[in-house]
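I have placed the structure first, in the form of structure tokens, so that the comments after it can refer back to it.
The values are calculated or read from the model by the stated rules, or taken from the named source; none is laboratory data. Note that the coordinates shown come from a computational prediction; the quantities given were computed from them, not determined experimentally. When we count neighbours, we look across all protein chains shown, and the Cβ atoms used for this are built from the backbone with ideal geometry, even at glycine. Please note that ligands, DNA and RNA were not included when accessible areas were found on the heavy atoms of the full protein model with its side chains. Shrake-Rupley method; radii C 1.70, N 1.55, O 1.52, S 1.80 Å.
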Amino acid sequence: MSQEAVRAQTVRIDDITLHLSQPVLTHQEWIGQADVLKQLLACWLVVHESDLPLSPRLVGPPGIGKTTLGMAAAKRRTQNLYIYQCTSDTRPEDLLVTPVLAESGKIVYHASPLVTAMVTGGICLLDEGNRMNEKSWASLAPLLDQRRFVESVIAGITVPAHLDFRCCVTMNDDESTYEVPDYILSRLQPTLAVDFPNREDEMAILRYHLPFAGEDMLNLTVDFLQQAHGLNLEFSPRDGIHILQYALKRLSQDPDHPLSRDAAWREALERVLGEEALDLDSLAEQRRRALGSDIPGLSLGGFFFGADDPLNPDADEEN
């Protein structure tokens, strides 16, 4: 089904007319990490008439390109893509069907991007799924198993999924607002890990998004990001793009009193990531201490007795 056809389409289920959402019209290329793209495409294959596609989790740090990965996979399959942004206050009706008061005074029903993908045979990417509460996830449980349908209480209808419907969920590997329940996690399988890119791929990513950036600025940014990755600091390609964008804008702002490239880049780094990002080694050390990695281990004897207590089994024998 073409994007133009979907844009103005409605469908009727039982006695309810649903106004469909629009697909995402822009696409981005996936650069590097070819294996994880193949893994996602494999999840969506059907190898037998009784087989069902999988609904995987794409897990990784923020800004690493998980949404771009889903977009690239949808493009490979030549299917319309719909993205739903999950939040902590997402309600089941937001995920499925929302009633809206029309100018005529009548209630009309709008299908979410998820339901639109279901009825048209598109692909839905649920973005940042670990921000969503259990009540909303519960409304998707029958969709994510062999039943493949959702029930809209608001509209009073059951919506079956098209045979071509595919789904995946992105999740940041940081603290989530809500813990996703186990009965949902068992349906969102397998887990596909998206990691930081290597230097060559990261350079290609920045060049793709900012083809007008000079080599010196690109190298400054990639060197910084690669050092951050090596120190387990979660500064992402998205951060690098923002640093470069701001630095290039500052350089072009005042031709009569131009900043040096180094000064503009350093200012951009501080404005985008904060003053602490100017010294990555110190920042990494601070975070290690915050996580308690420098706290010496405490034995069972040391927990109950002082170091010099003769009853401490770990005390020096000379004491």
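Points to keep in mind about this one:
- A 1.4 Å probe run over the protein chains yields, for the chain, 54 Å² of accessible area per residue, whole-number rounding.
- Dipole check for segment 43-167: with +1 at the C-beta of Lys and Arg, -1 at the C-beta of Asp and Glu, and the Cα centre as origin, the magnitude is about 300 Debye.
- For segment 88-134: rounded, prolate or oblate by the Cα gyration tensor [a/c cutoff 1.5]: oblate
- Solvent-accessible area assigned to carbon and sulfur over segment 1-100 amounts to 50 percent, based on a 1.4 Å probe.
- Among the chymotrypsin sites (Phe, Trp or Tyr not before Pro) within segment 180-247, those in coil by DSSP and having at most 10 neighbouring Cβ atoms inside 10 Å are 212.
- Which labelled figure in (1) 17.9, 54; (2) 19.7, 61; (3) 25.3, 92 is Rg and Dmax of the Cα atoms in Å, once derived from the coordinates: (3)
- Among beta bridges that DSSP assigns inside the chain, antiparallel share in %, nearest 5: 40
- Whole-percent carbon and sulfur share, accessible surface of segment 116-249, 1.4 Å: 49
- Per residue, the average separation of C-alpha pairs within less than 8 Å and at least 6 apart gives the chain a relative contact order of 17 percent.
- Here each label is just a point 7 Å from Cα along the line to Cβ, and for residue 198 and residue 25 those points are 3.9 nm apart.
- With at most 16 neighbouring Cβ atoms within 10 Å, loop GluC sites (Glu not before Pro) (DSSP) excluded, longest segment of the chain: 180-316
- Residue 148 sits among other residues whose Cβ lies under 14 Å from its own Cβ, and their net charge, with Lys and Arg +1 and Asp and Glu -1, is -1.
- Taking each residue as 0.36 nm, the span from residue 262 to residue 11 lengthens on full extension beyond its C-alpha to C-alpha distance by 84.7 nm.
- Under the Karplus curve 6.51 cos²θ - 1.76 cosθ + 1.60, θ = phi - 60°, whole-Hz ³J(HN,Hα) for segment 93-109, x wherever Gly or Pro sits: 5, 5, 6, 10, 10, 10, x, 10, 7, 7, 4, 6, x, 8, 7, 10, 10
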